[in-house]
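Please treat every number below as a calculation from the coordinates, not as lab data. The structure presented is a predicted model; accordingly, all values stated were derived computationally and were not measured. In this analysis, Cβ positions are derived from the backbone assuming ideal geometry, glycine residues included, and neighbour counts consider all displayed protein chains.
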Amino acid sequence: MGYVKTAMLLAFMTALVGAAGLLLGGEAGLLIALVAAAGMHLFAFWRSDKMVLRMHNAVEVNARTAPDLVPMVQDLADRAGLPHPAIYVIDSAQPNAFATGRNPENAAVAATTGLLRAMSREEVAGVMAHELAHIQNRDTLLMTITATLAGAISLLSNFAFFFRGNRNNPLGFVGVLLAVIVAPLAAGLVQMAISRSREYEADKRGAEICGQPEWLASALQRLGELSGRIDMESAERNPASAHMFIVNPLVGLRIDRLFSTHPPTPKRIAALEAMACEGGYRQPRKETMAERMNLRPTSVPKVLRRSVAPGAVG
């Protein structure tokens, strides 16, 4: 799915916000709905990154406390032509990662201790390159917009349910039902479609950034095997943030593939393997990132090392 289709889906979600407001309160409801959505956008634009990092108790690290992770991310950012993002670590045994921030100049990446313990440095580099690709593609802002639109639609639908909507709307009681049931469902499906499309784009760009699609493919293979077996308590408490992670962090709340915010991992791996074969990535290079970075197992940041039991993952 390309950027044109993504824009069309966003326009459709905006139309859903207006339709829900119209069914709730007529023309006045339409205006209120659009104003409310704009207000939510502004709040999310300035504060969403800090909110999601607090949700998962992320700790910021630096080159002293994370001597492996920080130089790796900064080197990848340089290769992508991006400003160096803030780097956080989440104390969770589940291997996973996400990116957040309203633009490349105000961005952050976060990795779990489980990711750092379970993956080789090549695999961690592939994951971090994927997250930097989200920042470069401005997906972090895009997903914030879709989340706030979906939230606005749900809020309006709840109002329609409790106040019985606009009795003078042309669809009558059927219109109220559409606002209560169909609009939130449609918004959720559109949000999931956008999330899935952006993951494929970030996989492709991430492979280009690190220069080795096999690194990310290998990481996704291991993430698929491990993340579904290990709970991530902060994600279970805040399921609305699940779409931000590289793989679905929800274990206790198993949902049907149709309603998953992430595309099937085997399809993502297949696309990366095809990219490796067709793009000439298997050909010898003058200097690989592995040689330049002297890759070895990634260490857990010192500030979190005491709280993670040895052998928790892998």
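Qualifying trypsin sites (Lys or Arg not before Pro) in the range 31-138, where qualification requires a DSSP coil assignment and no more than 12 other C-beta atoms within 10 Å, comprise R64. Considering only beta bridges that DSSP places wholly inside the range 42-111, some 65 percent are antiparallel.
Cβ crowding within 10 Å ranks Y200, Y88 as Y200, Y88, fewest other Cβ atoms first.
Positive contributions from Lys and Arg (+1) and negative ones from Asp and Glu (-1), summed over other residues with Cβ under 13 Å from the Cβ of L226, come out at 0.
Spacing of the modelled spin labels on N57 and Q221, each 7 Å from Cα toward Cβ, amounts to 3.3 nm.
For the range 209-217, backbone phi angles converted through the Karplus equation (6.51, -1.76, 1.60; θ = phi - 60°) give residue-by-residue couplings of 5, 7, x, 9, x, 5, 5, 5, 4 Hz, Gly and Pro being listed as x.
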